[in-house]
Amino acid sequence: MSEQHPPKRPAGDEQGDTQPAKPHQPNLAAEETAAVVSVDTAGGAMGPSAVPASAQSGQLPGGPDTLLRKIFTGSGMVSVLAVFLALVIGGLLIASTDTRVASTASYFFARPTDFLTAVWNAATRSYIALFQGAVFNPRGNSVAAQFAPFMETLTIATPLITAGLGVALAFRAGLFNIGAQGQIIVAGILAAWVGFALHLPLGLHLLLVLVAGIVGGALWGGLVGVLKARTGAHEVILTIMFNYIALYFLRYLLNTPAFQRPGESNPISPILDPSAVYPQIFGSQYRLHLGFILAIGATVLVWWLLNRSTVGFEFRAVGANPKAAQTAGINVSRSTILVMAIAGGLAGMSGVAQVAGTEKVLTDGVAATYGFDAITVALLGRSTPWGTFAAGLLFGAFRAGAVQMQIQTGTPIDIVLVVQSLIVLFIAAPPLVRAVFGLNPRRKKPARAAKSTKAATTGGAA
Amino acid sequence: MKLELRGITKRFGTLLANDHIDVVVESGQIHCLLGENGAGKSTLMNVLYGLYEPSEGEILIDGKPVSFRGPGDAMAAGIGMVHQHFMLVPVFTVAENVALGAEPTKAAGFLNLDETRRRIREISDQYGFDVDPDALVEDLPVGVQQRVEIIKALVRNAKVLILDEPTAVLTPQETDELLDIMRQLKAGGTSIVFISHKLREVKEVSDTITVIRRGKVVGSAEPSASTTDLASMMVGRAVSLTLEKAPAKPQEKTFEVRDLTVIAHNGQHVVDGLSFDIARGEILAVAGVQGNGQTELTEAILGLQDRVSGSITLDGKELLGRSVKDVLKAGVGFVPEDRKVDGLVGTFSVAENLVLDLYDKPPYAKGISMSPARILENAKARIDEFDVRTPSAAAAAGTLSGGNQQKVVMARELSRPLRLFIASQPTRGVDVGSIEFLHRRIVAERDQGTPVMIISTELDEVMELADRIAVLYKGKLVGIVPAGTGRDVLGLMMAGIHPDEQAHPQPAASRPAPTSDAEGGDHV
Amino acid sequence: MSTTVSSRPGNPQPDNAAADTGAASISAKPVSWKTPVLLAAFGLIALVFFGLLGPNKTASFGISTGSDFFQLPALEVNAFGGGIVLSVLLLALAAYAVYLKTKGRPAPVWLTVTFIVLFVAAFLIWVVGGARTPSISLAGLIAGSVTLAVPLVFGSLSGVLCERVGVVNIAIEGQLLGGAFTAAIVATMTQNPFIGLAAAAVAGAVVSMVLALFSIKYLVNQIIVGVVLNVLVSGVTGFLFSTVMQEDKARYNSPPGLDIIQIPILSEVPIIGPILFRQSLVGYLMYVAVLVVWVGLFKTRWGLRVRAVGEHPQAADTLGINVNATRFWNVTLGGAVAGIGGSFFTLVAIDSFTKEISGGRGFIALAALIFGRWNPIGAFFAALLFGFADNLQSIVTIIGTPVPSQFMAMLPYLVTVLAVAGLVGRSRGPAASGIPYVKG
């Protein structure tokens, strides 16, 4: 992540002598990674981006990068396998602390099947509970109750999606926005205040709550952009610090009478006016609220912004190669500020979803861990809008299901963190996943040597 | 020490960089590897130096096969290498850089650099290097940095010294000094492998020449061979380097630079009081050794430099102080010197790169809404027009070869009406076929009546394209001379000596063109 | 992470241009106005709030503690007068910085450091003077700061070791947390805090190895790996805490602590004694670690190689240094150091592990690393400053000052923002930090 000029590249990098800048490494998969990194880093001039190189270009109609092709060439497959692998490891962790597993392990050599069954049971019991808590509960009394978990998943996914979009958008512009947490908090503060302190007509009130939240997040994010653009301070440090500043500011406010319920001194705000909260989409039986529809809208908007607008083109260009962007007349500082503001605004929508949708009050847990989860959501979604949307749904399901899992099986919610982070790690390292599943292309030895003369003459002359 | 490479083959994936190369370097000999950019010379030397493992073949020292698992082994065997881009840690002192990897230590791993300092002074005195062991490398001029690299090899008792394109960053005078050093080293018994594509230097200093083309040895030659013969061996066909271009028809001067000064971050005046004009329909080539202010000059024109004073006017309008976007809008087309860093977004598609500075102009965008269909249409047209070899318009630009990448940049910049065209190192790292094509496009732009400014460190390119030649030295304009000015005059100017200051000024136009033609094989 | 303050992305500075034109006319280096302006602003803040609006009460600072072998009288300062004097000094320093700027010279480090020290003193006098009970023990305050700084110092040393070799370490938090957890569980099960300490180092190293593996072998962006690792460690420790430790606290989560070792006599010297000679084993290790890392990095062969790999890996490679192995083992070492820092939580500070016990201190350690300019000694003092702020927060809550404690808690983060935005000036991290090394 150095913006300093890197040390000079090795001999002849641009002169063409070592044009095939691939390392000599023992397997093809690593060479492949290196080649992608090489394209991604302008030949080593920058750190590798958070955004996969294949996802940095815009989506042109007629391009070869169709979904179908992606699935077949591997990145889709790797994602599925990564999720699977993470679940397996999570399952083993669950099993390792299971009492039944422990007791069967003591006579493992006598009856190993007992042990294996216990492992299988421990893991699957938790995952089944997770699934039932996240998607469909067959034991529900009515169809409505059976689908309640899914609605809960969507509810929890809502802030994950919008904050994830904010992180993803910043990634695309080459910025590590670790600050969704703080942006959600500031948005929550403003939105909640508008929601409980002002009393406005139906419609207008909610609109103002939404605007206040988005503006709050945008200001908090945009401030980082300004500092980054003006002083060169690194956004990772800035956003981490801003998260804490926002949190302590919130705690301070919740200790002042203006943010407390009349006559009480608990750090909890008054309930938002009914006119200031999101309507529930499918009636009062589910918590799912208008925020989810807005999250879909935000996804569409971000997709359009990135792939069909000049602003998004600038963001992507700045993210992929800031020097080339600047040489092409793009104002890098302005893009930095703008993208951080928009990212903050998107995270702000999550703050609104929390105070005006799910919680309806402001507490110091308003952001929960959504801001940090948003980072993993964006990474899992490969920083594309719909990828982020899907990742938000997946992690929303984990979160919703984990609550049920803990109640039913006693498996702590923390397992979700483990699975979530493992998924992101594995997805970031496709060669590892392929190696685990034995999918790495076998290194063909001299078989291909014969045809390479021609390849060399075209490639080598560059 | 006799060094022999036998059947060295190096593959990168499907790409064959070295194809059964045989080279024998006799003891105390300067052996030149001659070949154009991308011929595979550096790859071969990286194999010899242990940085790459050869796919096939073997290395023999004094007849015994050796195998290097890394540069450490190669150094232990007496091989030293001075890389084209210096391998020096900028924030270390000379002594630290020299010691690195073979550090003399006291007890418990504590550094003891006194011994290193002594050795540096010793070698420095022996060859007249004048290197201070305690100077920070980042404060040293390139010429001195190169000497530090040579010291690094000598301290390690190198018997064979590989010099990879050592003259690329040197002035003609520094080059001469280096050639002297090489002769001294040879006299002292060190063998030298001299990698170059500059025929004059090769002829001057080599004992034996091996010519490499497209990863293969295509023959060897005596230094007495004619320049044209060497050039055609290197390129693989008879070379005609004179570009057929009509004489310039300069019209009114529309681009004026006055007292332009650029101050770098470290406070140096990297461009110092430049004034010149370019007329419509003429090519002004800016010559000079790399790092004499050319980069900053183009960046100042484009609006990429912060601390600039003076004036730059195009069609009577001041460009200074305007944003890059405004400068481009005023009709400036710009091909930056390092396409990978400044010219292209490697992960973007070719189509996107072809509108990198036009993306927000009609017809590619209406308001802030872009039209992918138009962008694709444009891409197809440009790809055809410039013969860009790419799998598709949606391929990532970073995956194309250097020549094709350069065509993309050039196609983009020439795809709109221009009032000024600036191309920096327009053919650096580009294959011969593309060079001709790109040169022709540049001349065509001139013939349409655009003022053209070419910045090149390759003297041959300058001489080939220029209608007038401006020479920069340490940020100052040494002078502007007409096309056809002799190589020796230009060489002196590149070292900061104005022709008028010479005892016998050469009449600029008196040198016959064919001379430069014959020597012109150099840069290909 | 290698540069806090870097040239804007698009101001290309050709690698050799400066050197080439070495003889070109030299004019003053452009010095940023940021530092003088910031200093002046803070001087004015001090004058107005700590001076002019300062409470006209006497603030008392106890210097000796009861156990000291000789007693010094408490330092008593009139808060109003002290504030005025100190803020005038601050403004004088700021004025000097402005003067230097007009001469085209940057503010020297001593100036910034003195400024910070005086500002903190002025602030302290103001806070204490305005409190309900305007008296605190300075000795206790400083000793407490050192204690709170221990994990920060270890964390930032881990950062130094990693970044100097070219790997960004955002996972300090995870390494601390992993160390804390492992120290607790191993020390409890073995009933031996020293084994727990060693296990903490191993745990930190393991976290680091994952970082190294993913960033070096699989070339994954180092920040991503760091961020994700923090989540992973938090998840794993949280999970095991809930399932294992909670089930049987006596068996898994009541580690025997590391006792405070008092050096006879020396520990009774006022102020110095408690800081240097009344520490736990981990505390003493901290001083040793800072010195060893500093000497190691700048005086030994190992350090020269480490720094070369972090600055210019290709150069190191061509001299036969195995870049990726050097990186891997140094990152691992860094993790071990942070792991030891983590053990401080469960073996010294508190006698059991709880979820998220590191509480974001890994990020403050990261800030200390940058504030200390990638130098072990600098990082040490930066960590002390942050430990001081942390300690002050709890003290002001006790003595009852008008400053809300939340703002005190915010202070390290605000200071860091100011620091990275220019107060520490242009600082340069290792050039290759964050960039994976691929041969070729």
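The values are calculated or read from the model by the stated rules, or taken from the named source; none is laboratory data. Remember, it's a predicted structure, so these values are computed and weren't measured experimentally. Cβ coordinates were reconstructed from backbone atoms using ideal geometry, including for glycine residues, and neighbour counts include every protein chain displayed.
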Legend entry - Flag for residue A:310 being hydroxyl-bearing (Ser, Thr, Tyr) and either closer than 26 Å to residue A:147 by Cα or more than 14 Å from chain B (Cβ to nearest Cβ) (or both): no
Inset, instruction - State whether one or more residues within the stretch C:366-385 are at pLDDT 85 or above and closer than 17 Å to residue C:42 by Cβ. - result: yes
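Condition check ((1) at negative phi; (2) assigned to a helix (DSSP H, G or I); (3) away from chain B (no Cβ under 14 Å)) across all residues:
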position	(1), (2), (3)
C:315	yes, yes, no
C:328	yes, yes, yes
C:338	yes, yes, yes
C:346	yes, yes, yes
C:352	yes, no, yes
C:364	yes, yes, yes
C:368	yes, yes, yes
C:390	yes, yes, yes
Legend entry - In the stretch A:154-180, the residues that are buried (at least 24 other Cβ atoms within 10 Å of the Cβ) and not hydrophobic (A, V, I, L, M, F, W, C): A:158, A:159, A:162, A:164, A:166, A:172, A:174, A:177, A:179
Inset, instruction - Scan the stretch B:1-59 residue by residue and report those that are in a strand (DSSP E or B), closer than 24 Å to residue C:317 by Cβ and not aliphatic (A, V, I, L, M). - result: B:9, B:10, B:11, B:12, B:18, B:56, B:57, B:58
Legend entry - Condition broken by residue B:196, with the remaining ones in (1) surrounded by fewer than 17 Cβ atoms within 10 Å (Cβ to Cβ); (2) touching a strand residue (DSSP E or B) at 6+ places or on another chain (Cβ under 9 Å) satisfied: (1)
Inset, instruction - Restrict the check to the stretch B:270-280 and report whether at least one residue is within 10 Å of chain C (Cβ to nearest Cβ), without any contact (Cβ under 8 Å) to a residue 40 or more places away in the chain, farther than 21 Å from residue B:459 by Cβ and outside any loop (DSSP other than H, G, I, E, B). - result: no
Legend entry - Among residues of the stretch A:53-109, those that are modelled with pLDDT under 70, more than 22 Å from residue A:437 (Cβ to Cβ) and in a helix (DSSP H, G or I), counted: 2
Inset, instruction - Take residue C:222 and decide whether it is at pLDDT below 95 and more than 9 Å from chain A (Cβ to nearest Cβ). - result: no
Legend entry - Matching residues in the stretch A:272-297 - criterion: being out of contact with any strand residue (DSSP E or B) (no Cβ under 8 Å at 6 or more places or on another chain), in contact (Cβ under 8 Å) with a residue 24 or more places away in the chain, of a type outside the set (A, V, I, L, M, F, W, C) and part of a loop (DSSP other than H, G, I, E, B): A:273, A:285
Inset, instruction - Please tell me if residue B:292 is assigned to a loop (DSSP other than H, G, I, E, B), within 14 Å of another protein chain (Cβ to nearest Cβ) and surrounded by fewer than 20 Cβ atoms within 10 Å (Cβ to Cβ). - result: no
Inset, instruction - Select from the stretch A:346-378 the residues that are polar (S, T, N, Q) and within 18 Å of residue A:207 (Cα to Cα) and list them in ascending order. - result: A:350, A:354, A:358
Legend entry - Hey, residue A:296 at negative phi, touching a Phe, Trp or Tyr at 6+ places or on another chain (Cβ under 9 Å) and modelled with pLDDT of 95 or more or not: yes
Legend entry - From the options A:282, A:315, A:259, residue that is over 21 Å from the mean Cα position of the chain (by Cα), of a type in the set (Phe, Trp, Tyr) and within 14 Å of chain C (Cβ to nearest Cβ): A:259
Legend entry - Residues of the stretch C:220-252 satisfying the condition of being part of a loop (DSSP other than H, G, I, E, B) and surrounded by fewer than 23 Cβ atoms within 10 Å (Cβ to Cβ): C:246, C:247, C:248
Inset, instruction - Scan B:151, B:123 and give me the residue that is part of a helix (DSSP H, G or I) and more than 14 Å from chain C (Cβ to nearest Cβ). - result: B:123
Inset, instruction - Would you confirm whether any residue within the stretch A:384-406 is more than 7 Å from chain C (Cβ to nearest Cβ), closer than 22 Å to residue C:242 by Cα, among the charged types (D, E, K, R) and out of contact with any Pro (no Cβ under 6 Å at 6 or more places or on another chain)? - result: yes
Inset, instruction - Go over the candidates A:319, A:312 one by one and state the one that is closer than 30 Å to residue A:231 by Cα, of a type outside the set (A, V, I, L, M, F, W, C) and touching a Leu at 6+ places or on another chain (Cβ under 7 Å). - result: A:312
Inset, instruction - Those residues that are within 12 Å of chain C (Cβ to nearest Cβ), in contact with a strand residue (DSSP E or B) (Cβ under 9 Å, 6 or more places away or on another chain) and touching a residue at least 24 places away in the same chain (Cβ under 8 Å), I need them from the stretch B:48-74; list them, please. - result: B:49, B:50, B:52, B:74
Legend entry - Residues that are of a type in the set (Gly, Ala, Ser) and more than 7 Å from chain A (Cβ to nearest Cβ), drawn from the stretch B:359-372: B:367, B:371
Inset, instruction - Working carefully through the options B:303, B:281, B:291, B:267, find the one that is small (Gly, Ala, Ser) and in contact with a strand residue (DSSP E or B) (Cβ under 8 Å, 6 or more places away or on another chain). - result: B:267
Inset, instruction - Mind counting the residues in the stretch B:2-34 that are on the phi > 0 side of the Ramachandran plot and touching a strand residue (DSSP E or B) at 6+ places or on another chain (Cβ under 9 Å)? - result: 3
Legend entry - Failed item in (1) closer than 26 Å to residue B:173 by Cβ; (2) in contact with a helix residue (DSSP H, G or I) (Cβ under 7 Å, 6 or more places away or on another chain); (3) among the polar types (S, T, N, Q); (4) at pLDDT below 85, with residue B:295 passing the rest: (4)
Inset, instruction - Scan (1) in a helix (DSSP H, G or I); (2) buried (at least 18 other Cβ atoms within 10 Å of the Cβ) for the single condition residue C:107 breaks and write down its number. - result: (1)
Legend entry - Counted residues, the stretch C:299-313 - those being surrounded by 24 or more Cβ atoms within 10 Å (Cβ to Cβ) and free of Cβ contacts under 8 Å to residues at least 12 places away in the same chain: 1
Inset, instruction - Would you check if there is a residue in the stretch A:244-266 being touching a His at 6+ places or on another chain (Cβ under 7 Å), over 25 Å from residue A:343 (Cβ atoms) and not in a helix (DSSP H, G or I)? - result: no
Legend entry - Residues satisfying the stated conditions in the stretch B:126-148, i.e. touching a Phe, Trp or Tyr at 6+ places or on another chain (Cβ under 7 Å) and at the interface with chain C (Cβ under 10 Å from one of its Cβ atoms): B:137, B:145
Inset, instruction - Restrict the check to the stretch C:173-191 and report whether at least one residue is part of a loop (DSSP other than H, G, I, E, B), over 25 Å from residue A:167 (Cα atoms), at pLDDT below 95 and under 21 Å from the mean Cα position of the chain (by Cα). - result: no
